[in-house]
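Some notes on the structure that comes next.
No lab work stands behind these numbers, since they all come straight from the coordinates. This one's a predicted model, so the numbers in the text were calculated from it and none came from an experiment. Here the Cβ positions follow ideal geometry from the backbone for every residue, glycine too, while neighbour counts run over all protein chains shown.
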């Protein structure tokens, strides 16, 4: 649910920026991707909070830490709202927005640039799905590299995390676990970008027809 809401808002917003011509300006793709990512992360934040609560739940025999004991998705939303109010549904948004902003900017800007580069190189037909796939693969690497530093341990806020990791381990500390992060994010990015672009191309063809 979280991914569906976030990516729906994010990709839809980016497409809207494209239609306005924002992405054609220098740095426009990067800026549009960042803004779209921030908007998607903010709107989907309650769904992410509920997802995290439900994933953390387990049976008493192996439970670690606080257990929320929600009965389901709807119950989780209602319980959080009753306990913490509307603002409580957006708990943790200050950590989610910067992460998705960076990842979205890297993903969409890299995908757009890579697709143009592959098309101009004439390795394959510009209208071939292979062009989109190659661009999506390149974009997947960019996403993994840009988002790995945000997937570290918990600290007292985003700034505290960045500062302490840098002081303790240097820049290399931000890329611990890069392999698993790549295996998680790269396929997701490849498939998302591939189907998103193919559907956009089909929509344009249908409108022209």
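What's the ranking of 5-17, 189-201 by average number of surrounding C-beta atoms within 10 Å, highest first?
Descending packing order for the listed peptides: 5-17, 189-201.
Between residue 125 and residue 113, residue separation times 0.36 nm minus the direct Cα-Cα distance comes to 2.7 nm. Once the chain from residue 3 to residue 82 is taken as fully extended at 0.36 nm per residue, the excess over their C-alpha distance is 26.0 nm. Spin-label model, residue 55/residue 20: points 7 Å from Cα along the beta carbon direction are separated by 3.2 nm.
Using the Cβ-Cβ distance between residue 74 and residue 94 with R0 set to 35 Å, the FRET efficiency from 1/(1 + (r/R0)^6) comes to roughly 0.85. In the range 90-135, Cα pairs under 8 Å separated by at least six residues give a relative contact order of 31 percent.
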